[in-house]
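Q: Provided herewith is a single structure, encoded as structure tokens, for subsequent inquiry.
The values are calculated or read from the model by the stated rules, or taken from the named source; none is laboratory data. Worth saying up front: this structure is predicted, and the values here are computed from it rather than measured. As a convention, Cβ positions derive from the backbone with ideal geometry for all residues, glycine included, and neighbour counts pool all protein chains shown.
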Amino acid sequence: MVAADVAELNNSLLKTVVSYTPIYGSRIDVSQAMEQAFRKYPRHEFVEHFRLVSEMWDGPTRSRDDHGALPLIYSNQPLMYVGNKGESFQASSSEPAFIMHLLAALDVQPGHRVLEIGCGTGWLLAMMAELSQEPRNVTGIEIIPELVKRAQVNLEKLGLGEVAVKLGDGNVLPTDIGSFDRVMYTASSFTFPTYLFDICQIGGKVVIPLRNRGLAEEVQILERTEQGFQATAARLCKFVQMTQRFGNDPSGITPSNEALRHNYKHADREPLDIPGGPPGTLAFSSFMSKTRPDFLVIGLNDPKIPSGFNAGVFGDPQAIGVAILANDWTAGAIWNRGFLRSFGGGDYRNKFIEGLSEWISCGQPLGAQLRLAISKNLTDSDGDNRGKTWREVRGDSVFTWSL
């Protein structure tokens with residue numbers, strides 16, 4: 001490995017980072033301090049064995065010492081961590097430009113206490129330590145033991161042994177972990193970790209990817225207020241999902257059953273257009289997830305949704321249906337490939353069309369365009385109620401969405 005080659009590759013990647021503009025939202029300037037941290041802690045120091053996302057389950061295991069590996073490590077793409085036995089972990093080194101964009105949004109300043117949930121092998125922790133100027137103020141939580149050990153070794157080797165890397169579940173934290181000015185999640189969750197009400201300082205920031213019931217995810221950039229948390233911005237995203245402690249996460253694509261597929265096949269059918277093609281369907285499903293508690297995205301094929309990378313982002317239009325269903329699924333309305341199918345009686349057809357009409361009348365917003373406030377209960381909500389407002393209970397928190 002030639003140091004000059006690494007420096008050239010790292011500088012090229014940094015140019016991509018600095019010029020990055022997200023799919024939705026404005027650019028955020030990368031500070032000189034962030035550029036310095038990026039150069040000081042190059043990515044290959046934290047990526048030893050990996051697979052590309054497109055080959056995560058059955059592709060070759062790659063090593064940073066392999067011929068041709070460095071250009072892949074210094075490309076602007078996520079890389080899946082590989083274990084000592086050759087298994088792909090459900091964890092990745094995130095797309096550099098996007099994760100640095102989020103780090104810029106987190107705005108770590110000297111003296112800040114910083115927490116990262118899902119810290120992997122420690123790359124972001126190293127840069128957070130550089131930005132805070134106090135390595136002992138930085139803590140990482142990781143649920144995969146092998147990655148915890150790698151992060152500890154990596155950070156110690158680079159003179160950052162004071163950074164705390166702990167084995168733990170990001171859904172719950174030790175009561176003695178203390179308080180933080182900045183918190184970053186690099187895995188997504190449907191629910192909001194309620195311990196943040198206790199550990200995040202008033203005026204502090206949290207960057208967290210939140211899943212919806214269906215296909216869409218958004219990173220919410222939140223500020224801690226007296227009442228709870230208020231979003232200042234949001235970004236479209238796709239992250240590895242946080243391990244679900246209770247096993248009842250309603251996000252993602254819900255597998256159908258034989259009875260539902262039978263009802264779908266024999267339902268009344270009518271043409272119905274959702275504007276915008278697959279991206280429009282994604283935006284519509286995100287809107288419905290937040291405004292209609294009986295909304296689901298259903299996998300219509302047996303036994304499961306195809307696992308291709310593109311299908312994971314937008315959903316395979318051959319395989320999914322966006323739906324409003326009765327609790328027992330014996331009645332409902334399911335839209336797929338330009339047709340709405342209704343069965344079992346009730347007013348589910350009308351509910352679906354009302355939801356579509358509301359989304360269109362609101363200007364067909366992306367999910368990231370809905371402002372979010374999070375509180376412990378309804379009376380604490382500090383959401384902006386000047387426009388249309390919807391509330392939903394997620395776990396032990398109340399989400400207030402508004403336009």
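Q: Answer yes or no: is there a residue in segment 218-231 that is within 21 Å of the chain's Cα centre (by Cα), of a type outside the set (K, R) and more than 26 Å from R27 (Cα to Cα).
A: The answer is yes; a qualifying residue exists.
Q: Quick check on my filter: what residues within segment 115-158 are in contact with a helix residue (DSSP H, G or I) (Cβ under 6 Å, 6 or more places away or on another chain) and closer than 14 Å to F180 by Cα?
A: The answer is E116, A129, P135, V138, G140.
Q: Output yes when any residue across segment 42-60 is in a helix (DSSP H, G or I), more than 25 Å from K149 (Cα to Cα), out of contact with any strand residue (DSSP E or B) (no Cβ under 6 Å at 6 or more places or on another chain) and at pLDDT 90 or above, and no when none is.
A: No, segment 42-60 contains no residue that is in a helix (DSSP H, G or I), more than 25 Å from K149 (Cα to Cα), out of contact with any strand residue (DSSP E or B) (no Cβ under 6 Å at 6 or more places or on another chain) and at pLDDT 90 or above.
Q: Same structure, new question: Within segment 160-245, considering only strands (runs of 3 or more DSSP E) that don't extend past its boundaries, which have at least 2 residues that are buried (at least 22 other Cβ atoms within 10 Å of the Cβ)?
A: 180-185, 200-211, 217-224, 228-236
Q: Restricting attention to segment 268-280, which residues are at pLDDT below 90 and touching a Gly at 6+ places or on another chain (Cβ under 9 Å)?
A: P278
Q: Sort out which residues of segment 130-151 are among the basic types (K, R) and buried (at least 19 other Cβ atoms within 10 Å of the Cβ), and write them in order of number.
A: Of everything in segment 130-151, just one residue is among the basic types (K, R) and buried (at least 19 other Cβ atoms within 10 Å of the Cβ), namely R150.
Q: Between a first residue in segment 75-92 that is within 23 Å of P42 (Cβ to Cβ) and a second residue that is charged (D, E, K, R) and assigned to a loop (DSSP other than H, G, I, E, B), which pairs have beta carbons less than 7 Å apart while being 6 or more apart in sequence or on different chains?
A: Short answer, once both residue conditions are applied: N76/E95; Q77/E95; P78/E95.
Q: So, one more: Between F38, F46, which is in contact with a Leu (Cβ under 6 Å, 6 or more places away or on another chain) and surrounded by 15 or more Cβ atoms within 10 Å (Cβ to Cβ)?
A: F38
Q: In segment 315-358, how many are assigned to a loop (DSSP other than H, G, I, E, B), within 27 Å of the chain's Cα centre (by Cα) and surrounded by fewer than 21 Cβ atoms within 10 Å (Cβ to Cβ)?
A: Of the residues in segment 315-358, 5 are assigned to a loop (DSSP other than H, G, I, E, B), within 27 Å of the chain's Cα centre (by Cα) and surrounded by fewer than 21 Cβ atoms within 10 Å (Cβ to Cβ).
Q: Next up: Being in contact with a Ser or Thr (Cβ under 9 Å, 6 or more places away or on another chain) and under 27 Å from D169 (Cα atoms): is that true of G120 here?
A: Criteria met by G120.
Q: If H67 meets every condition in (1) exposed (fewer than 15 other Cβ atoms within 10 Å of the Cβ); (2) in contact with a Gly (Cβ under 7 Å, 6 or more places away or on another chain) apart from one, which number is that one?
A: The one condition H67 does not meet is (2).
Q: Select, from A97, A105, A126, the only residue that is touching a residue at least 60 places away in the same chain (Cβ under 8 Å), hydrophobic (A, V, I, L, M, F, W, C), touching an Asp or Glu at 6+ places or on another chain (Cβ under 9 Å) and within 30 Å of T21 (Cα to Cα).
A: After ruling out the rest, the residue left standing is A126.
Q: May I ask you to list the residues in segment 159-169 that are touching a helix residue (DSSP H, G or I) at 6+ places or on another chain (Cβ under 6 Å) and within 21 Å of M80 (Cβ to Cβ)?
A: Once the filter is applied, which keeps residues that are touching a helix residue (DSSP H, G or I) at 6+ places or on another chain (Cβ under 6 Å) and within 21 Å of M80 (Cβ to Cβ), segment 159-169 yields V165, L167.
Q: Right, another one. Which of (1) of a type outside the set (D, E, K, R); (2) surrounded by fewer than 17 Cβ atoms within 10 Å (Cβ to Cβ); (3) under 23 Å from the mean Cα position of the chain (by Cα); (4) in a loop (DSSP other than H, G, I, E, B) does V30 not meet, given it meets every other one?
A: With (1) of a type outside the set (D, E, K, R); (2) surrounded by fewer than 17 Cβ atoms within 10 Å (Cβ to Cβ); (3) under 23 Å from the mean Cα position of the chain (by Cα); (4) in a loop (DSSP other than H, G, I, E, B) applied to V30, the lone miss is (2).
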